[in-house]
Amino acid sequence: MKLPAQGNAFSHAGENSAPFFRRFYIYQKERFPLLGHGLLVAAFSFSAISYSRICRGAEGFVDTKTFAVGIFTTISLFLLVRIFDEFKDAEDDARFRKELPVPRGLVTFRELALTGIVVAIAQIFVNLIFFPKMLWIYAVVVGYLSLMGKEFFVAEWLKKHQFWYVTSHMFIIPLVDIYASGLDWLLAGVKAPEGLFFFFAVSYMNGIVLEVGRKIRAPQQESEGVLTYTSLLGVPKAIGLWLAVLTVTLLLSMAASAFAGYGYVVLTVLGIVFLVCALPAALFWKTRTPKLAKMVEYASALWTIAMYLTLGAGPMISKLLFQ
C-alpha cells in the first residue's frame, strides 16, 4: 500500500516542527489519551485478575510488582492497537479524515513504527525478566494484532462485510483479557476458572457495544467516507442493533456473576445499569439530535466501566477492605 503524503490544509506549522516528544504528546491526547485510556485499561486488568481470583477462591490480590508489570503490558498493547490502526486506515484517513494527526503531518509513519518497535521491545523485556511464562499469551496477542494490521489478508472483502470486520477485530479485547487474567491463574500454576469464559465473552461484547455506540450519529452529523451504523443501517436498525448487543452483554454478565457466586445485589445492579444505559438510545430513536447521539456513546462507555466494576473490581475491593 502506498502511504499518503504528509501534511494538508489542517496542518499547524508550529506543531509539526516541534520536537518529537511534544508532537507525540499532542498525538496521544487526540488518538490515545494515556491518562484516560490508562485508567480504563488498569480497571479492565484489575477486574480480570480479580474475577479469576474470586472464581477460584484465592485470598487477596496479586502482588504489586505483578500488577504493575501487567498494567504496563496491557496499556501498551492497546497503544500498539492504535498504532497498527494508523497504518491500516492510512488511505481512508488521508481521503476523508484529513484533520487527524497523521494526515496533517503531526507525526510520521516512520516515527509511529519506531515507537511501536520500542514499545514491543519493552513489553518483551519486562515480561521476560519478571514472568517469562506470560510470553506465550503475549505472543498470541501480538500475533493476532499483526493479522488485524494486515486485515487478515482479506482487506477488500472485510470492507464490504462490516459485520465480519467488527466481529473479527474485537477478539483482540478478550485476548488481552486472557493475558491479564493469566497474571493470576497461569502464574499460580492452576487451571483457568470456567467462569472466565463468560467474563471473556462480556469483554468481547463490551467491545462491540463501544464500537457500535461511538458510530451512532444524528442525520446532520453524517459525512462522506466516515462509516457509521446509522448511515449503514438507518437509525431504527442501528439503535436496535446497539440495544440487542447491550442485552446479550447483560445476559453474559449475569452468567459470569453466577459462576463467581455473586448474589441478587449484583444482578440488581446489572439490571439498573442496563436500564440507565438503554435510556439515551430509546430517546435517540424518537429525537435524533447530536446531543442524544453523544449520550449513546457515553452510555456505551458507562456500561463497559460498570461491567468491569461489578464483575471484578467492586467485589475484590470489598473483600480487601472488609475481610
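Where a number appears in this text, it was derived from the coordinates with a stated rule and is not lab data. If you're wondering where the values come from, they're calculated on a predicted model, not measured in any experiment. Reconstructed Cβ throughout: ideal geometry from the backbone, glycine too, with neighbour counts over all protein chains shown.
The table below gives the values:
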{"quantity": "Under 14 Å from the Cα of K150 - aspartates and glutamates, other chains or at least 8 residues apart", "calculated": "D85, E86, D89, E91"}
{"quantity": "Integer Hz, Karplus 6.51/-1.76/1.60 couplings in order for the range 60-69, x for Gly and Pro", "calculated": "x, 10, 5, 5, 4, 4, 4, 5, 4, 5"}
{"quantity": "Separation of alpha-carbon centers, the range 36-106 and the range 284-323, rounded to whole Å", "calculated": "18"}
{"quantity": "For G312, net neighbour charge (Lys/Arg +1, Asp/Glu -1) across residues whose Cβ lies under 15 Å away", "calculated": "+1"}
{"quantity": "Around V235: net Lys/Arg minus Asp/Glu count, Cβ-Cβ under 11 Å", "calculated": "+3"}
{"quantity": "Violating pairs (Cα-Cα greater than 22 angstrom) within the set K29/K98; K133/K191; K88/K159; K88/K160; K88/K291", "calculated": "K88/K291"}
{"quantity": "Distance between the range 266-282 and the range 177-191 - C-alpha centres, whole angstrom", "calculated": "31"}
{"quantity": "Helix-only CD estimate at 222 nm, as mean residue ellipticity for the chain, using -39500 (n - 2.57) per DSSP H run (n ≥ 4)", "calculated": "-23500 deg cm²/dmol"}
{"quantity": "Difference of contour (0.36 nm per residue) and Cα-Cα distance, V265 to T289", "calculated": "5.1 nm"}
